[in-house]
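Student: If you scroll down you'll find the structure; I have some questions about it.
Each reported figure results from applying straightforward, stated rules to the coordinates on display, with no laboratory input. Everything quoted here is computed from the prediction, not taken from an experiment. Because the Cβ atoms are built from the backbone with ideal geometry, glycine has one as well, and the counts that use them run over all protein chains shown.
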Amino acid sequence: MSDWKIRFGTAGTSDSFAAKGYKNSLDIPAYTAEMGLDAFEYQCGHGVRLGLEKAARMAADAAERGILFSVHAPYYISMSSLEEDKRLNSVNYLLQSAAARHLPPGQLWQAEPGGGPGKGAGYHAPGPGGTG
């Protein structure tokens, strides 16, 4: 029998986060659980601005609540760029995203291909046991 299950969650928070009195990103697992959801994707679409210690605390709290915590890598990643510096920077962005998610070597990545040379792709650093 398969270990996977369908999970439901959000990518980022809505206005209800602040309206319910939550103030800090460390509150995200509690907010997600309160809504009855079991997945959350932290948005790093415009750069990885999530400290490693904070990411570890969020992921641990989420795991204790049965929530799959994932990180969305920057949107501007382009492994197929015609420019070498952009490809090399893209590798660094992926590594930063993996570090924020504490992704072990060999962990599955979810990719959203953006097309041919010069077109971007979105990458997710999924949580343990599944995709983001």
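Student: Within the range 18-55, can you find the residues that are crowded, with 17+ Cβ neighbours inside 10 Å and of a type in the set (Phe, Trp, Tyr)?
Tutor: Of everything in the range 18-55, those that are crowded, with 17+ Cβ neighbours inside 10 Å and of a type in the set (Phe, Trp, Tyr) turn out to be 31, 40, 42.
Student: Tally up the residues in the range 14-50 that are touching a helix residue (DSSP H, G or I) at 6+ places or on another chain (Cβ under 9 Å), in contact (Cβ under 8 Å) with a residue 24 or more places away in the chain and either of a type outside the set (A, V, I, L, M, F, W, C) or at positive phi (or both), please.
Tutor: Residues that pass the stated criteria total 6.
Student: Does residue 80 satisfy the criteria of being among the hydroxyl-bearing types (Ser, Thr, Tyr), within 19 Å of residue 98 (Cβ to Cβ) and out of contact with any helix residue (DSSP H, G or I) (no Cβ under 6 Å at 6 or more places or on another chain)?
Tutor: In short, no.
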